[in-house]
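Following: one structure in structure tokens, then a few remarks.
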Amino acid sequence: MSSESAVINLTIPAKAEYITLGRLALTALARAREFPEETLADLKLALTEACSNSVRHAYSSGDGTVEILYELQSDRLIVEVCDQGRGFVPPSGLEEIDFGEGGLGIAIIRAIVDDLEISEKMGGGSRLRFVKRLDS
């Protein structure tokens, strides 16, 4: 693969049954780089947890969308999951997360990826961005 990055944007309805589309897009992108199966499985889990948070917590009415941005660079994969819902910023320390309220998903993502940022979006909503460094 060249030093240029490949970028894919995907917008799905904020419903659990559509999270599979995000996983399929990740699988297709991984084929361009031939990730090890274990790395791909971990990334699918991290993506599922990130999308599930938006589906579960962002929209009280159940209507809305989740935007997924994938950026495959020569040495890393960047994934960003955004919604326009209520917004969510977890405590900074893992020990402060209430695992009974979905905090386990954030802990799982942190364990899998090399960098994790969670922030509120301007205008409302949440943005979860993770980075996984890839072996050359």
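Each value in this text was obtained by applying a stated rule to the coordinates, not by laboratory testing. Worth saying up front: this structure is predicted, and the values here are computed from it rather than measured. Note that we place each Cβ from the backbone using ideal geometry, even for glycine, and neighbour counts take in every protein chain shown.
Below, the figures for the structure above:
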{"read-out": "Virtual spin-label span in nm between residue 60 and residue 9, 7 Å along Cα→Cβ", "value": "3.0 nm"}
{"read-out": "Packing-based order for 104-116, 72-84, using average beta carbon neighbours within 10 Å, highest first", "value": "72-84, 104-116"}
{"read-out": "Stretchable slack from residue 69 to residue 21, in nm (0.36 nm times residue separation minus alpha-carbon distance)", "value": "16.0 nm"}
{"read-out": "Lysines whose Cα lies under 20 Å from that of residue 15, excluding same-chain neighbours fewer than 8 positions away", "value": "44"}
{"read-out": "Simple label model, 7 Å out from Cα along Cβ direction - residue 115 to residue 33, nm", "value": "1.3 nm"}
